[in-house]
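We did not get these values from a lab; they are worked out from the coordinates using the rules stated. In this text, all values refer to a predicted model and were calculated from it rather than measured experimentally. All Cβ positions, even for glycine, are placed from backbone atoms using ideal geometry, and neighbour counts span all protein chains on display.
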Amino acid sequence: MTSHPWPVIGHAWAVLNLDQAATEYRPAHAYLISGPAHIGKTTLARTLAMALNCEADARPCGQCRSCKLIASGKHPDVQLIEPDGAHLKIDQVRALQHDLALSPNEGRFRVAIFNPFEVATTEAQNALLKTLEEPPDYAVLMVVTADPELLLPTIVSRCQLIALRPLTITQVRQALTTTWRIENDRANLLAHLSGGRLGWAVTAASDNSILDTRARRLDDLIVLLKSNRGARFAYAEAITRKEDHARDAIDLWRTWWRDVMLAASGSNAELVNVDRAAQIQSLATHLDVGQASAAAEACGRALWQIDRNAVPRLVVEVLLLDFPHLASI
Ligand SMILES: [Zn+2]
């Protein structure tokens, strides 16, 4: 019983814990993997599924039939259960329960990965609870979420908790340059912007529209600071027409205001938006630390409200009115 290095970057403690469980074929029946979007939660869950069902001696090998089927999402005993529309529904949980009643087809374990589980309806969560109370020996349930606070406490209490934290900027930069062969300057910018979310950085490296959208939204923010209420309301209406656009923009603006706050306080701490350092320094001369800090906090509040199903347009309207009015920048 040996193990093979996991194809996971960072998260050393979680890998050590899960690798040991897989090596001994003694996984917990349920794990709750939490952490911000795009930091590797699903990769970790899928790698555990590989390590449990791999056919090689040193697991997970990544090469055997089982590992390849899991990597391509086609293993009959490993299911990724994602929302059907906006929610993860009770019918999906029931279908899984039907499958779990049967022992594995090919592997040693049946693994179900729910991602993201915070969008599960209360009925679906209650249904899963029954399985969490009496799981078959060969079942491993992996509940993946960005925010455990949004789950029923009874779900959380029945899972072994694996809380993933963002990687360091250095870890992301190194992974980008060595594993993905991205040139240094670009890797450095992406690492800073990633907030430690390697998955985001890798996606942004291959999809230019992500950095283009970011640039546009930062430019929009500067225009908004010079704009009156009417223009701010119009922007709130426009950006909330598509799902997730507002959330992404607010997330970005929060990093921006934190940078302005650092600049206004004369701190030497590294900025997130390193490519916009001059603009941030210049803006910081027009307001004080308190204003920048209040704007960053308003962004955090807005994200919290959107995640709890507040009406996005109203949230963005309030947020934009909370931003300072700087006519002369
Ligand atoms: Zn294998």
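Tabulated data
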read-out: Folded to 0 to 90 degrees: helix 184-194 orientation relative to the chain principal axis, Cα; value: 90
read-out: Degrees separating the helix 208-226 axis from the principal Cα axis of the chain, which is the longest one; value: 40
read-out: Positive dipole terminus of the range 207-322, leading residue within Leu218, Val289, Val318 (C-beta point charges); value: Val318
read-out: Counted charge near Thr177, where neighbours are those whose Cβ lies closer than 15 Å (Asp, Glu -1; Lys, Arg +1); value: +1
read-out: Percent of Cα-Cα distances greater than 24 Å, calculated over the range 2-163; value: 27
read-out: Ranked list, fewest to most other Cβ atoms within 10 Å of each Cβ, for His98, His38; value: His98, His38
read-out: For Tyr31, residues with placed amide H under 5 Å, excluding near neighbours; value: Leu141, Met142, Val143, Gln160
read-out: Cα gyration tensor, the range 134-173 - rounded (a/c under 1.5), prolate or oblate; value: oblate
read-out: Set of lysines near Lys41 by C-alpha distance (under 22 Å), chain-local residues within fewer than 8 positions excluded; value: Lys68, Lys74, Lys89
read-out: Charge sum, other residues only, whose C-beta stays under 12 Å from Trp6's C-beta, Lys/Arg counted +1 and Asp/Glu -1; value: +1
read-out: With Cα atoms, 0 to 90° folded angle of helix 122-133 axis to the chain main axis; value: 40
read-out: Qualifying trypsin sites (Lys or Arg not before Pro) in the range 241-319, DSSP loop, other Cβ atoms within 10 Å at most 12; value: Arg241, Lys242, Arg308
read-out: In order through the range 294-310: 3J(HN,Hα) via Karplus (6.51 cos²θ - 1.76 cosθ + 1.60), integer Hz, x for Gly, Pro; value: 5, 5, 5, 5, 4, 5, x, 5, 4, 5, 4, 5, 5, 5, 10, 6, 5
read-out: Tail weight of P(r) past 26 Å, computed on alpha-carbon pairs of the range 207-322, percent; value: 16
read-out: Principal axis box of the chain, alpha-carbon based, largest edge first, Å; value: 69, 44, 30
read-out: Dimensions (Å) - the range 180-226, Cα atoms, principal axes, largest first; value: 40, 18, 18
